[in-house]
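Since the structure comes first, as structure tokens, the remarks are kept for the end.
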Amino acid sequence: MCFVNEIDYGTPAVKSDKTVTLTIDGRSVTVPEGTSIMRAAREAGIAVPKLCANDMVKAFGSCRLCLVEIEGRGGTPASCTTPAADGITVSTQTERLGAIRRGVMELYMSDHPADCPACAQGDCEMAAMAEAVGLAQNRYGQEGANHLAPAPAGAHEVNFKELDISNPYFAYDPAKCIVCSLCVRACEEQQGTFALTVEGRGFESRITAGMDEPFLQSECVSCGACVQACPTGALQEKSVIEMGMPDHSTVTTCAYCGVGCSFKAEMKGEEVVRMVPYKDGKANRGHSCVKGRFAYGYATHKDRILNPMIRQRISDPWREVTWEEAYSHVASEFRRIQHQYGRGAVGGITSSRCTNEETYLVQKLVRQGFGNNNVDTCARVCHSPTGYGLKTTFGTSAGTQDFDSVEQSDVVLVIGANPTDGHPVFASRLKKRLRQGAKLIVIDPRRIDLVRTPHVEASYHLPLRPGTNVAVLTALAHVIVSEGLFDEAFVRERCDWDEFQDWASFVLQPENSPEAVEKASGVPADLIRGAARLYATGGNGAIYYGLGVTEHSQGSTTVMAIANLAMATGNIGRPGVGVNPLRGQNNVQGSCDMGSFPHEMPGYRHISEDATRAIYESLWGVKLDDEPGLRIPNMLDAAVEGSFKALYIQGEDILQSDPNTRHVAAGLEAMECVVVHDLFLNETANYAHVFLPGSTFLEKDGTFTNAERRINRVRKVMEPKNGYADWEVTQKLAQALGKDWTYTHPSEIMDEIAATTPSFAGVTYALLEQEGSVQWPCNEKAPRGTPVMHMGGFVRGKGKFVRTAYVATDEKVGPRFPLLLTTGRILSQYNVGAQTRRTENVVWHEEDLLEIHPFDAENRGIRDRDWVKLKSRAGETSLRATITERVAPGVVYTTFHHPETQANVVTTEYSDWATNCPEYKVTAVEVSPSNGPTGWQEDYEALSQRSRRIGHVEAAE
Amino acid sequence: MSHDEKSGEERLVYMANQIAMFFASQPENEQVDGIADHINKFWEPRMRRHLFEIIERGGDGLSPMVLEAAASIRRPQAA
Ligand code: SF4
Ligand code: SF4
Ligand code: FES
């Protein structure tokens, strides 16, 4: 068993072209100019004692433990705050320094509880440092000076402060705090939340959250950076307090969002003690959010189903069966159905939560095993327009940059994304850049947190009406072209000049002027003009966008409008610029890459390409259908029609995540064999005939591909509680259907992917081991992957400008439905919440709330926290209201994390013209006071209860 | 079921027209081919079969551009 130990260099790395060479304890070391002596020493292998510094935050120089002597200079400067200089000679260990350090430590220890459990556990640097400096005595005693701990007699000292255990995941014990301010700096510099301050002076000083509140009530977002930074046990994970320190660890990848943070899973036996973000993780650089660090409890939640189950009808209770019985049942049902209704009557759905290897196998099962192309994925409901739009304009279906790129951006345009909630670690990196002076433009109907957060303020916020993205983006282009702000040299070199001119004359049409667009969008023309000028002329301009762009009837058009802007201004093909979709789920990118769409083989090659099919046909030994298969909505339509009868769904909850819940329910109800392969009896499982237990990311090997196209390793840290990793289950199904699959490890699946997919040609587990991660394309031309795409030219050859005419959605407000509903997500919950609702994260979000502007609320007699009825043309649901000016008058907003809310009962069946990505972001609604849940919600709840029954009878012979 | 829900066919007509609406704004020589190409690439045979059924019944509700594109849309093989 090994423990991944990372070196703490004491202060952050410095980038500089110039280097300096100095001598430390007789060793010569060369470092970039501006590097601290402490870091230089560590690079030379010398660890200077320290308490108030680490390499994630700026040095502060308060503990005086890291003092050194420099030849020819007087005094004993702190090595963490003193820069290395050319030619100096430094000593880190002398008689004098030793004496000073012992004195400092003695004082610290006198104020530190003698019985500190963290010291005993080895989770306290105090004890380590006391030993390092050779502290043997304490002349000040243990009790008196410790103002913050309970006095021995039971009476509290005046400054006693109680333990703060309000946060579900970590505790703050002021008694152990040495006021080194590392947590304060971590919260400011790494996380960017500024929740912590040092209050008081001298012995009275302590750390407080918010306005001297418990952590839970403060603005703290529970990212845990402060806990990790704390050198004592003052801020400590509750799991460590309960379980003790971990004894081994493994590097793996978070399974929540598209940032794809790397973590060390720190374990004790088969149990996770804590997840610690990995500094070498290139997506997160040692930072994380509350989900990745703390919300892994679902992996062992009691609701997890561990045995396969079958039932004849969905009204029957479930019956537990053996795996063998489950496989042969599925195989015989699928065979029967294909025989009876035709080869095309069955299909599969891949998961953006599962690994690349698992996704690849599901599409292979469909194409090779079922003999059709009826495979789709839930990325359909989020980012399919990204694939279409970027492929059309640039030639490849992916974001152009790595996350590091933001460090070189000068202007950042965020549209239809809420990074602080949806992609928190990227948001922290973005906020850091903005605090350094980069400018921000936000285009969003809501005043998202980023618009104004500590030390960050957007230069422009364009609060457009939901559904008018294309109009506003085309108006930005209008300003850029009419004012001559485009980059002619770039366009002439990299794009088709004729197409550009055609596009330019299109955007110049009067209906695309800011003044004309103001009417539809509600955004004042001068804001549009200002934002356009800033983006075009402010230096490196980078665009980040999310579901607020894609989940519209013009989603694909919006993506192309974004691409047009980047090309016209030359903001593509180098660090600091680019077009970057912020992907929702952890492996949305990967599941799309792996051929999850019914018209595409892995690597985005259309199914009608003979050469591509030939590769797989010869490897798989079958003839492939050259016609596109059914998308999820088509499968449901076909099911209602009676021509589609069986579906294998891996790791997705289409009933909750797909639009128009009733339509999904009707489609599923019409099928004869629905197989759900998941961790929990999710909502879709209410309509399933077979349930196959799934495994968590902690229980399997594989890879996830994040929003930067980065292929990260997922490593197994515990045995699957259900017995089998998901790829093994799919393999067994294929075998039951007569396919000779014999993978013994996911690395062999990756080898097959690499052998058949040009953009993955160079990817192997050995390479991932060596590099940590790589970004595709990774092949002969880019053996170590591609951080920034389209560097010398576009993948498709010349960049393509596409006219983007604004077409108003047919979902219109009117007297019956006067308000526009838009939906989103919040930090502590994830997607449909199946995992996060099964963790302590529920303390931050007990229910979905409807945000409504005070004006609209008052007109309707709605008070804060009232139950309201939300009604659209599609249906109605009830939830509680919260009154806020974050949303404009006429707009309401809610999240969709809880099944009871059933927000998708309300959303309509309108969808993107090109990809049928549902229009979640615009629904005309009316809101009225109500008494509680609607009839549908109650009926649904009853159905869920009924269909989750598990009969504990012996399996019949 | 709610009152505003579309039938399968209505939905298909709606989708085809939506595609036509996008291509209507493109340069003239790309419009009709664009529609046909898009439908060939992304619509599975069952949907295209339904589309042709609608067209053969007179193409009620379909935009003229879709009707024009029909000549270049691949006819699915008989099921
Ligand atoms: S958990 Fe994160 S947000 Fe909360 S106080 Fe610590 S660093 Fe700040
Ligand atoms: S949820 Fe996203 S941001 Fe949070 S730790 Fe996981 S990958 Fe990182
Ligand atoms: S580590 Fe340098 S003063 Fe604390």
Requested in this report: Please work out the FRET efficiency for the pair A:LEU107 and A:GLU242, using the Cβ-Cβ distance as r and a Förster radius of 41 Å; give the result to the nearest 0.05.
Outcome: 0.85
Report task. At q = 0.12, 0.21, 0.22, 0.24 Å⁻¹, what is the base-10 log of I(q)/I(0) for the stretch A:19-132 according to the Debye formula with one equal point scatterer per Cα and no solvent? Please give it to two decimals. Result -> -0.43, -1.14, -1.22, -1.38
Query - Segment A:ALA670-A:GLU271, extension gain: residue separation times 0.36 nm, minus the distance between their alpha carbons - result: 139.4 nm
Report summary line: Extend 7 Å from the Cα of A:GLN121 along its Cα-to-C-beta direction; within the stretch A:262-278, residues with backbone N under 13 Å of that point are A:267-268, A:273-275
Query - the protein assembly as shown: C-alpha pair distances exceeding 43 Å, % - result: 38
Query - Computed [θ] at 222 nm, deg cm²/dmol, the protein assembly as shown (DSSP H ≥ 4; -39,500 (n - 2.57); rounded to nearest 500) - result: -9000 deg cm²/dmol
Requested in this report: Positive end of the charge dipole of the protein assembly as shown (Lys, Arg +1 and Asp, Glu -1 on Cβ, about the Cα centre): tell me which of A:SER351, A:THR19, A:LEU464 has its Cα farthest that way.
Outcome: A:THR19
**Report entry** Modelled label reach - A:ASP626, point 7 Å along Cα→Cβ, the stretch B:34-55 residues with backbone N closer than 19 Å
**Finding:** B:36-49
**Report entry** Projected label distance in nm at A:ARG865 and A:GLU719, using a 7 Å step from Cα toward the beta-carbon
**Finding:** 4.9
Query raised in the report: In sequence order, what are the phi-derived ³J(HN,Hα) couplings for the stretch A:37-42 according to the Karplus relation 6.51 cos²θ - 1.76 cosθ + 1.60 with θ = phi - 60°, rounded to whole Hz, with x for glycine and proline?
Result: 4, 4, 5, 4, 4, 5
**Report entry** At least 30 Å² accessible surface lost relative to isolated chain, residues of the stretch B:37-79 (1.4 Å probe)
**Finding:** B:HIS38, B:LYS41, B:PHE42, B:GLU44, B:PRO45, B:ARG46, B:ARG74
Query raised in the report: Modelled label-to-label distance, A:ASP502 and A:GLU131, 7 Å Cα→beta-carbon offset: nm?
Result: 7.3
**Report entry** Rounded tilt (10° steps) of B:28-42 against the dominant C-alpha axis of chain B
**Finding:** 50
**Report entry** Interface size A-B, as summed buried accessible area [1.4 Å probe, Å², nearest 100]
**Finding:** 2900
Query raised in the report: Once amide H atoms are built 1.01 Å from N in the peptide plane, which residues 5 or more positions from A:TYR9, or in another chain, come under 5 Å H to H?
Result: A:ASP55
**Report entry** Computed FRET value (nearest 0.05) for B:ARG49 with A:SER28, which takes r as the C-beta separation and R₀ as 60 Å
**Finding:** 0.20
Query - Accessible area expressed per residue, the stretch A:384-581, with surrounding protein chains retained (probe 1.4 Å, Å²) - result: 27
**Report entry** Rg/Rh ratio calculated on Cα atoms of chain B (Kirkwood radius)
**Finding:** 0.98
Report summary line: The answer for A:ALA914, listing residues at least 5 apart or on another chain whose modeled amide H is closer than 5 Å to its amide H, is A:SER556
**Report entry** Per DSSP, loop GluC sites (Glu not before Pro) in the stretch A:676-781 with at most 15 further Cβ within 10 Å
**Finding:** A:GLU780
**Report entry** Evaluated over the stretch A:323-452, the Cα radius of gyration and Dmax, each in Å
**Finding:** 21.6, 66
Query raised in the report: Any idea what log10 I(q)/I(0) is at q = 0.22, 0.23 Å⁻¹ for the stretch A:535-584, Debye with uniform C-alpha scatterers and no solvent?
Result: -0.77, -0.82
Query - Ranked order, A:VAL221, A:VAL717, A:VAL198 - accessible area, probe 1.4 Å, largest first - result: A:VAL198, A:VAL221, A:VAL717
Query raised in the report: What does the charge dipole of the protein assembly as shown about its Cα centre add up to, to the nearest 20 debye, if the Cβ of each Lys and Arg holds +1 and the Cβ of each Asp and Glu holds -1?
Result: 920
Query raised in the report: trypsin sites (Lys or Arg not before Pro), restricted to the stretch A:200-239: which are DSSP loop and have at most 11 other Cβ atoms within 10 Å?
Result: A:ARG201
Query raised in the report: Taking the Cα-to-Cβ direction at A:SER205 and at A:VAL14 and moving 7 Å from each Cα, how far apart do the two end points lie in nm?
Result: 2.5
Query raised in the report: Counting only other chains, what is the mean number of Cβ atoms within 10 angstrom of the Cβ of each residue in peptide A:627-636?
Result: 4
Report summary line: Low-density loop trypsin sites (Lys or Arg not before Pro), the stretch A:526-595, at most 16 other Cβ within 10 Å, DSSP non-H/G/I/E/B, are none
Query raised in the report: So what does A:GLU515 come to for accessible area, using a 1.4 Å probe and Å² rounded to 10?
Result: 90
Report task. First measure r as the distance between the Cβ atoms of A:GLN408 and A:ASN5, then evaluate 1/(1 + (r/R0)^6) with R0 = 30 Å and state the FRET efficiency to the nearest 0.05. Result -> 0.45
Query raised in the report: With all protein chains present, how much of the accessible area of the stretch A:384-581 (probe radius 1.4 Å) comes from carbon and sulfur, to the nearest whole percent?
Result: 47
Query raised in the report: So who's got an amide H within less than 5 Å of the one on A:THR923, skipping anything under 5 residues away but keeping other chains? H placed 1.01 Å off N, in plane.
Result: A:LEU821
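The values are calculated or read from the model by the stated rules, or taken from the named source; none is laboratory data. These numbers were taken from a predicted model, which means no experiment stands behind them. Heads up, the Cβs are rebuilt from the backbone with ideal geometry, glycines too, and the neighbour counts pull from every protein chain shown. These accessible areas exclude ligands, DNA and RNA; they are computed on the full protein's heavy atoms, side chains included. Shrake-Rupley method; radii C 1.70, N 1.55, O 1.52, S 1.80 Å.
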